[in-house]
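The values are calculated or read from the model by the stated rules, or taken from the named source; none is laboratory data. Note that the structure is predicted; figures quoted are calculated from it, not measured. In this analysis, Cβ positions are derived from the backbone assuming ideal geometry, glycine residues included, and neighbour counts consider all displayed protein chains. Just the protein is used for accessible areas: all its heavy atoms, side chains included, with ligands, DNA and RNA removed. Shrake-Rupley method; radii C 1.70, N 1.55, O 1.52, S 1.80 Å.
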Amino acid sequence: MKKFVALAFCVLGTYYAFAQCNSCTPSFTSTCPPSGGLCAKLDTVYVNQPFSKVIPFYMPRFINPNQISTPCGGCTSIKLRRIDVTGVSGLPGGFQTPYFSQNGSYNIQNGDTIGCATFCGTPLVAGTYVITVYLLADVTAIGTPIGDVDADDQNQQYSDTVVVLPDTSSGVTTFTYGSGGSSACNTITVNLQATKQAPAPNLTRYFWNIAGTQTEVKNPGQFTFNNTSGTKSDTFPISLKTVFYNYRIKSVNAQLNSGWYPDINEATSLQDPEPYLRIIQTGYQSHNCNNTAPSTKNPSYTNINQELTPGTFTVDMEIWDDDNCGLLPIFASPDDKIGDYDVTVQLGTFPLFDNLNNSTGTVVIDTVPGVILTDTLWVVVHPTPPVPVVLASRDTFCSNDSIRISIQGNYAGYSFEWWRDTVFLSGINDSAFFTNAAGNYKVKVTNLSTGCQNISTFKSVTVMQGVDPITVIDNGTKLFITPFPNGMKARWYYNGNLITGQDGKFLDYVGNGSYYAEVYNPAFPACSAVAEPIVVNGVGFDNVPSAGIIGLQVYPNPGTGLFTVSYATDGEHAVRIRITDAIGSIIREMQQEQQYGKQELKIDLTDLAKGVYILQLEKNGHHLNTRLLLQ
């Protein structure tokens, strides 16, 4: 009986044979159908996501004929005696070889009614996959019109569909390119290594396109890319097409010498057999009852084109003589196995070695593309920013002043980090700032879009000692400048003209008129200060009217500390009164409000040391001085 019964057993999937999945322990669950079959289904699988699941299945000892579609010749029930899993095809690339409990061989009548399989792996390509499982079954049809009929090694195959969804992550998965990433500034070096390979003995080819350079080596190694535009980012595509090739049984030719006679159908060797070819791992059978094998001793099977599951090292092939197709067993003998071949999987044409010594022949094995993986990496090389140039509003400046530090050019879209000598200037993050500190300044600029950086050379700025505001004082005998810092020099002016040869703190009267002074740093004359002009109208200490101050008198003079000052004014103007020592330091200062006519006030100097002091009256910028002698 060529094809007796479809079994109540269906197993999904297998994986590329890089390794086998973990073992499992059979167990009956409430989800197992009483009529037999799978107790669970595979989950949805995602590309590049590891997956593992155990699928239990139930194989009953007896099957009701009403539960199957293939007729059993009027039997009342079907006994399952043995089931062997012989192969699986149509698997998503990247799956490992599934584990079947008891190595996929089950003696049903001895109690092997529960089995399990573990499926695992990391799928490589999204798609919908029709997976086929191939079995050999020994069954008995019970209660046929001619009694119980055994049928052994019955080919069975079952198909189901598994969906592999696309990868949810980004980036390339079929090759690595080193630890430096895929983008850089100015230049980048990648180290290209392919990571996917078909399981042995299957072949793999690699088709690289490295920015226009093509190669088929697995690991091309290092490639360097440079930014040549200087102003924009340059991109370089790197693509890899990885092709896993499946071995394929293309054709078989045989010369049959014996093994099909004598029997009811062929009594002697003069009668030709009706040979058909079986490939166990793929479930292939060249002829069946609807397509009977022609009679010949030299069968030729062309265009078989049976792809083998990746990782298959040996394939089992058999040639049988068709004796009983369509006939009851009482009128025909069982089919005769003429040839039994263990074929090593490799590319080419090879002789067949018959384990039964009944035949010779050849087999042709070629390859066809199986899994095709394509990945593209875009390498981006950004331009390095131009070297920034640090500018200073002045290279040298005064200590009581400040300067502006800035960057030459437009640096919109950049961040800035500043240093003075070796000190990082925290809080300064703009392209310009003011400072009053000397030192060497540099800046690092960072492009906010690309992260590329560059750093300037140092810009040196020098600080010189500055001059604080000064005042010219008339002490009644001469003019002097206060304060007058050490190391400084002065320029004296009389009625707007420079007095040559006078660069010190003091100046003897030149005559009545306007005086002012400028103090400067001789090492850097730009550091200077100018005093307000002072008008001297009464040279010496004569009681000479000075801009409306009349009849200045001081008594007693000399005195012991209590003095009376008397004077008159010719208008209502405030008068400022100062007492200074001989070098111009102010000891007392007061102001008489706007009054007209004679004025008199008391001055107490009893707390001062004995000596000569200067009394100075100032009105509208004009000064009148006289001495006070304290005894």
Quiz item: At a Förster radius of 30 Å, what calculated FRET efficiency corresponds to the Cβ-Cβ distance of residue 497 and residue 590, to the nearest 0.05?
Solution: 0.30
Quiz prompt | Cα convex hull of segment 455-512, projected area averaged across orientations, nm² | solution = 6.5
Quiz item: How much accessible surface does residue 160 have with a 1.4 Å probe, in Å² rounded to 10?
Solution: 40
Exercise. Return the Rg/Rh value of segment 142-301, two decimal places, where both radii are evaluated on C-alpha atoms and Rh is the Kirkwood radius.
Key: 1.29
Practice problem: Set the Förster distance to 35 Å, then compute FRET efficiency between residue 193 and residue 314 from the Cβ-Cβ distance, nearest 0.05. | Solution: 0.65
Exercise. List the residues whose amide H sits under 5 Å from the amide H of residue 354, counting only those 5 or more places along or on another chain, with H placed 1.01 Å from N in the peptide plane.
Key: 359
Quiz item: Hey, with R₀ at 45 Å, roughly what FRET efficiency would residue 620 and residue 396 work out to, going by the Cβ-Cβ distance, to 0.05?
Solution: 0.65
Practice problem: Note the full-extension length gain between residue 128 and residue 604 as 0.36 nm times their separation in residues minus their Cα-Cα distance, in nm to one decimal. | Solution: 160.0 nm
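If we sort 391-404, 268-281 on the protection proxy, mean other Cβ atoms within 10 Å, highest first, what's the order?
Result, highest mean Cβ count within 10 Å first: 268-281, 391-404.
Could you order peptides 119-128, 597-606, 381-390 by the average number of other Cβ atoms within 10 Å of their residues, highest first? Don't skip to the end; give the middle numbers.
On the way: 119-128: 19.6, 597-606: 12.4, 381-390: 17.4.
Peptide ranking by packing, descending: 119-128, 381-390, 597-606.
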Exercise. Mind jotting down the distance between the C-alpha centroids of segment 34-96 and segment 236-252, whole Å?
Key: 31
Exercise. Mind computing the radius of gyration and Dmax over the alpha-carbon atoms of the chain? Å is fine for both.
Key: 56.0, 172
Quiz item: For residue 392, what is the net charge nearby, where nearby means another residue's Cβ is under 10 Å from its Cβ and Lys, Arg count +1, Asp, Glu -1?
Solution: +2
Exercise. Using only alpha carbon pairs under 8 Å that are at least six residues apart, calculate the relative contact order of segment 357-460 and give it in whole percent.
Key: 29
Quiz item: Over all distinct Cα pairs, what is the inverse of the mean 1/r for segment 455-609, reported as the Kirkwood hydrodynamic radius in Å?
Solution: 18.1
Self-check item: Most to least accessible of 405, 142, 264 (protein chains only, probe 1.4 Å)
Solution: 264, 142, 405
Self-check item: Within segment 92-121, backbone nitrogen closer than 15 Å to the virtual label 7 Å beyond the Cα of residue 44 toward Cβ
Solution: none
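Around residue 294, what is the net charge, scoring Lys/Arg as +1 and Asp/Glu as -1 over all other residues with Cβ under 13 Å from its Cβ?
Details: positive: 297; negative: 272, 274, 321, 322.
Cβ neighbours under 13 Å give a net charge of -3.
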Quiz prompt | Pair residue 564, residue 482: separation of 7 Å Cα→Cβ label points (nm) | solution = 2.9
Quiz item: In whole Å, how far is the Cα centre of segment 170-194 from that of segment 253-316?
Solution: 53
Quiz item: Quick one: what do you get for segment 98-153 if you divide its Cα Rg by 2.2 N^0.38 Å?
Solution: 1.68
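Please arrange 350, 458, 57 by accessible surface area, largest first, computed with a 1.4 Å probe and ligands excluded.
Values: 350 55, 458 105, 57 0 Å².
Largest accessible area first, the list is 458, 350, 57.
Cα convex hull of segment 347-506: how many Å³ per residue? Don't skip to the end; give the middle numbers.
Numbers: hull volume 38.9 nm³, N = 160.
Hull volume normalised by residue count: 243 Å³.
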Exercise. Would you kindly derive the ³J(HN,Hα) couplings of segment 345-362 from the backbone phi angles with the Karplus curve 6.51 cos²θ - 1.76 cosθ + 1.60 (θ = phi - 60°), listing them in order in whole Hz, with x for Gly and Pro?
Key: 7, 7, 7, x, 10, 9, x, 9, 10, 7, 5, 9, 6, 9, 7, 9, x, 9
Practice problem: Just need the relative contact order of the chain here, percent rounded to a whole number, with Cα pairs under 8 Å and 6+ apart. | Solution: 9
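Could you tally the net charge around residue 245, taking each other residue with its Cβ under 15 Å from the Cβ of residue 245, Lys/Arg +1 and Asp/Glu -1? Write out the running numbers ahead of the final one.
On the way: positive: 196, 205, 218, 241, 248, 250; negative: 216, 307, 366.
Once positives and negatives cancel, what remains is +3.
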Quiz item: Going by average Cβ neighbours within 10 Å, how do the peptides 39-45, 153-159, 93-99 rank, with the highest at the top?
Solution: 93-99, 153-159, 39-45
